[in-house]
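The values are calculated or read from the model by the stated rules, or taken from the named source; none is laboratory data. Note that the structure is a prediction, hence the values are computed from the model and not measured. Positions of Cβ are backbone-derived with ideal geometry, glycine not excepted, and every protein chain shown enters the neighbour counts. Just so you know, the surface numbers come from the protein's heavy atoms only, side chains and all, with ligands and any DNA or RNA stripped out. Shrake-Rupley method; radii C 1.70, N 1.55, O 1.52, S 1.80 Å.
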Amino acid sequence: QLERQLVMQNQMRERQTAMQIAWTREFLKYFGTFFGLAAAGLTAGAIRKKNPSILLPIVPLSFILAYQYDMGYGTLLQRMKGEAENILDTQSTLLELPKGSLTYEDLEKIRRSQSKFFIEK
């Protein structure tokens, strides 16, 4: 039964990751269209007004576009996975919870204090 739960949890994680990638790819289509129209409009405006500073919004928009592309079609997820593995292997102290892990006794103490709180009111 434990093996079934592990398989099911892994399947759910894979499906959630697939949905995240699919969402990113869909968002990229819309944002890419917006970026193209914005770049064309800003370029036309810069040429008309002879003011190249009008093109400045293209810089942050291009970073967003590059990030979304890397997330949807690039290697961002592999790099994130590698960095997460590195953290788990070499910096596991960063993952510790404040006041340590919860124990059964801690949960019981919290449950008792909450039940007293609700009974008194």
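List of remarks:
- Between A22 and E85, the FRET efficiency from the beta-carbon distance, with R0 = 22 Å, is close to 0.35.
- 3J(HN,Hα) couplings calculated from phi for the stretch 67-84 with the Karplus curve 6.51 cos²θ - 1.76 cosθ + 1.60 (θ = phi - 60°) are, in sequence order, 4, 5, 5, 4, 5, x, 10, x, 10, 4, 5, 5, 5, 5, 4, x, 5, 5 Hz; Gly and Pro show x.
- Pairs of Lys residues in the chain, spaced 8 or more positions apart or belonging to different chains, with C-alpha separations under 26 angstrom: 4 in total.
- Of Q20, Q91, Q68, the residue with the greatest mean-square motion in the GNM of the chain, using alpha carbon springs below 10 Å, is Q91.
- Phi angles of the stretch 37-43 translate, via the Karplus equation with coefficients 6.51, -1.76, 1.60 and θ = phi - 60°, into HN-Hα couplings of 5, 5, 5, 5, x, 5, 5 Hz per residue; Gly and Pro are given as x.
- Cα centroid of the stretch 5-38 to Cα centroid of the stretch 62-77, whole Å: 12 Å
- Distance between the 7 Å Cα→Cβ label points at Y73 and Y104: 5.4 nm.
- Across the chain, the mean sequence separation of Cα contacts (distance under 8 Å, 6 or more residues apart), normalised by length, yields a relative contact order of 24 percent.
- Averaged per residue, the chain has 87 square angstrom of accessible surface, using a 1.4 angstrom probe with ligands and nucleic acids left out.
- Structure-derived semi-axes √(5λ) of the Cα gyration tensor in Å: which label, when the choices are (1) 58, 16, 9; (2) 48, 22, 17; (3) 26, 25, 12: (2)
- Protein accessible area in the stretch 1-73, 1.4 Å probe - carbon and sulfur %: 65 percent
- Estimated [θ] at 222 nm from DSSP helical runs (n ≥ 4, -39500 (n - 2.57)) normalised by residues in the chain, nearest 500: -28000 deg cm²/dmol
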